[in-house]
Amino acid sequence: MADARSLTVRDSAGAPVTTGVTLAVYVDTTGAARTPPAITHVGSGKWVFTPSDADETVGTVALVDCGAGNLPARASFAVHKVDNSNQFWCFQFEDGAGALWAGAAPSSLQYVDPTGAARTPPSLVAVAGAYLYSLTPSGADVTAGIEGRLDAPAGAVPSYWEFSSEPTSVASPWVAPSPGPIKNAAFDVVQFLTTKTVGGVLLTSADNLFIGRMPDTDKTPSPCVAALNVGGGEPESMLSGERQSVFNPSVQVMVRSSADDFAAGEALARGVIEWCHQRVITGYLSWYSRDSQPAYLGVDSDQRHLWAINFDAQYAATLG
């Protein structure tokens, strides 16, 4: 199933925008029209649309119109496969008054590898008017790694867009989320992290990665990680006439280092944030870290250092 895309929209006073957001453009990377999915308000100004698998496979450019005076006024999405195998970029331009750009096309494009060596750029494709463009790297470009910048034509905003290629992923070890309408977020964090190398440590469920409280040191190896459900915010009811809500569970992830190995333990804790923050996982709208750095909790009786990271998740559920 394709991943949902989401954004939060607020008005000029900072209040959530709950009506009037639309998918204004939905086309492939050549500009051919595609059938847009519904875009839905799920609470607190957050709007969500879910592309089809075919949209991801073809590569689809989506432009969301959030309404004049709202923040943002518009947002564009490059919809491609989550493994980045058909990745591309999209760029939108406006004039100084906030209207869609109708002037000259961009003409200044930086397209280099990470050492600064120039590579031949692909063609910039206008997929809607003079304001929305796509740029698709070759497989060789992705392998080499691309760092780029597209400068706006005179008078257009933003002044430039920066972009960077992502490595193509191998098969993901992620499995289906926990069953039932009320998800077990801690279980799903563990299912996502298992078999991944996090901060230099290979995590394996039931070996050095656990659901629940941190196990005793005499029963498990260190370093290790444990994910525990710790409540979360109240469900946000959808105005659908049914028992539909956006749920906001919280998970606390504890990290324990090997004895007297602070640096490696902290690297593992930071790696948990790197892997999980703003990750869109099957069955969820997203996960968010509440902490910019892991919180250090001191040492246990065996001189093993401890850290905590708090995550908030979001998912929609119908309770029947």
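The values are calculated or read from the model by the stated rules, or taken from the named source; none is laboratory data. Just so we're clear, the structure is a prediction, and the values are computed from it rather than from any experiment. Virtual Cβ from ideal backbone geometry, glycine too; neighbours counted across all protein chains shown. SASA here: full protein model, heavy atoms, side chains in, ligands and nucleic acids out. Shrake-Rupley method; radii C 1.70, N 1.55, O 1.52, S 1.80 Å.
Candidates in region 146-163 are the residues that are among the aliphatic types (A, V, I, L, M) and not in a loop (DSSP other than H, G, I, E, B); of these, the one that is nearest to residue 89 (Cα to Cα) is 150. Any chance region 242-255 includes a residue that's modelled with pLDDT under 95 and open to solvent by 50 Å² or more (accessible area, probe 1.4 Å)? Yes, that holds for at least one residue.
Would you mind finding the one in 115, 168, 120 that is more than 30 Å from residue 24 (Cβ to Cβ), assigned to a loop (DSSP other than H, G, I, E, B) and touching a residue at least 24 places away in the same chain (Cβ under 8 Å)? Give the steps one after another, and end with the answer.
Details: 115 fails: touching a residue at least 24 places away in the same chain (Cβ under 8 Å); 120 fails: touching a residue at least 24 places away in the same chain (Cβ under 8 Å).
The unique qualifying residue is 168.
Among all residues of region 60-68, there is at least one that is open to solvent by 40 Å² or more (accessible area, probe 1.4 Å) and farther than 18 Å from residue 5 by Cβ. Considering region 11-45, and only residues there that are open to solvent by less than 20 Å² (accessible area, probe 1.4 Å) and part of a strand (DSSP E or B), the residue that is farthest from residue 84 (Cα to Cα) turns out to be 43. Does at least one position in region 265-275 carry a residue that is open to solvent by less than 20 Å² (accessible area, probe 1.4 Å), of a type outside the set (Phe, Trp, Tyr) and closer than 22 Å to residue 44 by Cα? Within region 265-275 (the criterion being open to solvent by less than 20 Å² (accessible area, probe 1.4 Å), of a type outside the set (Phe, Trp, Tyr) and closer than 22 Å to residue 44 by Cα), the answer is no, since none of the residues qualifies. Taking region 79-112 as the range and being open to solvent by less than 40 Å² (accessible area, probe 1.4 Å) and in a strand (DSSP E or B) as the test, the residues that pass are 79, 89, 90, 91, 92, 94, 111, 112. Just one of (1) more than 30 Å from residue 106 (Cβ to Cβ); (2) modelled with pLDDT of 95 or more fails for residue 148. It is (1). Residue check, residue 8 against (1) open to solvent by less than 20 Å² (accessible area, probe 1.4 Å); (2) closer than 27 Å to residue 235 by Cβ; (3) among the polar types (S, T, N, Q), all met but one. Which one? Going through (1) open to solvent by less than 20 Å² (accessible area, probe 1.4 Å); (2) closer than 27 Å to residue 235 by Cβ; (3) among the polar types (S, T, N, Q) one by one, residue 8 breaks only (1).
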